[in-house]
Amino acid sequence: EKSAECESSDRVNMLKSEFVAVSDKNAELKKQVRELTERLRLAEQGKDQAQKQFLALGKQEKAGPFGTVKGLRINPTVVPDDSVNPRLAKILEKVAVKREIIVALANSNVKEMLEVWFTNIKRVGISNYLVVALDDEIAKFCESNQVPFYKRDPDDGIDTVGKQGGNHAVSGLKFRILREFLQLGYSVLLSDVDIVYLQNPFNHLYRDSDVESMSDGHNNMTAYGYNDVFDEPAMGWARYAHTMRIWVYNSGFFYIRPTIPS
């Protein structure tokens with residue numbers, strides 16, 4: 001009897017341990033199912049997002065040679081804030097076309113170049129351009145030639161450079177001044193005054209980037225960058241010196257859209 005009782009007790013214990021093992025396995029399997037279901041749900045969600053983005057883009061395009069492919073998605077423009085500069089906002093409302101404008105900075109040091117600049121702009125028939133006059137003489141000069149201009153409010157930091165600065169010093173001011181145009185919600189084609197216009201540049205922009213710029217490169221290699229290798233055998237294992245050559249954007253002629261990254 002005792003033997004049968006012990007056997008029965010052992011059997012119960014064994015069944016219990018098997019039950020615990022099965023329960024643990026079930027719990028583990030349930031956990032795996034939960035994780036897989038969650039991953040599947042996220043994958044479906046991602047797929048849906050990808051589909052939505054794809055539908056928004058329209059049909060797929062082939063990527064052609066440099067300069068022939070237009071981007072399909074661009075950053076949205078900022079909400080215009082006229083309170084930044086109400087006086088400039090009024091001028092831009094009158095002069096800009098489709099919220100785009102050519103802007104040049106000038107003081108008396110570049111008066112002759114400025115005259116060549118606006119004479120050609122008028123000849124081509126471009127109406128949406130503006131001279132930021134950095135001194136009174138240029139403001140009067142523009143007024144007497146029926147050239148749209150904007151004379152900034154007094155600003156010690158800018159005025160000193162604006163009135164007395166040479167070509168490069170004045171060029172450096174444009175980034176500070178340009179910001180207000182962007183905050184007002186206008187796209188700006190920033191132009192140095194040593195540029196001659198033969199056609200309306202607004203007909204030749206892609207408008208698929210925050211910034212489209214002239215490059216200092218003169219072909220694809222110098223415009224997009226290349227690896228230059230110098231070989232000096234006397235240096236042994238370090239005989240090859242690699243340098244990445246990149247010809248930078250030229251800040252004398254660039255188009256900038258009023259976006260947060262810009």
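Values for this structure:
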| item | result |
| --- | --- |
| Solvent-accessible surface ranking, highest first, for TRP247, TRP117 at 1.4 angstrom | TRP247, TRP117 |
| Neighbourhood charge, 10 Å Cβ-Cβ cut-off, centred on MET113 and excluding it, Lys, Arg +1 and Asp, Glu -1 | -3 |
| Probe 1.4 Å, protein heavy atoms only - accessible area per residue of region 85-131 in square angstrom | 48 |
| Solvent exposure ordering (accessible area, 1.4 Å, most first) of LYS30, LYS151, LYS174 | LYS30, LYS151, LYS174 |
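The values are calculated or read from the model by the stated rules, or taken from the named source; none is laboratory data. Given the structure is predicted, the values throughout are model-derived calculations rather than measurements. No Cβ is skipped: glycine too gets one built from the backbone with ideal geometry, and neighbour counts run over all protein chains shown. Remember, those area values only see protein heavy atoms, side chains included, never the ligands or the DNA or RNA. Shrake-Rupley method; radii C 1.70, N 1.55, O 1.52, S 1.80 Å.
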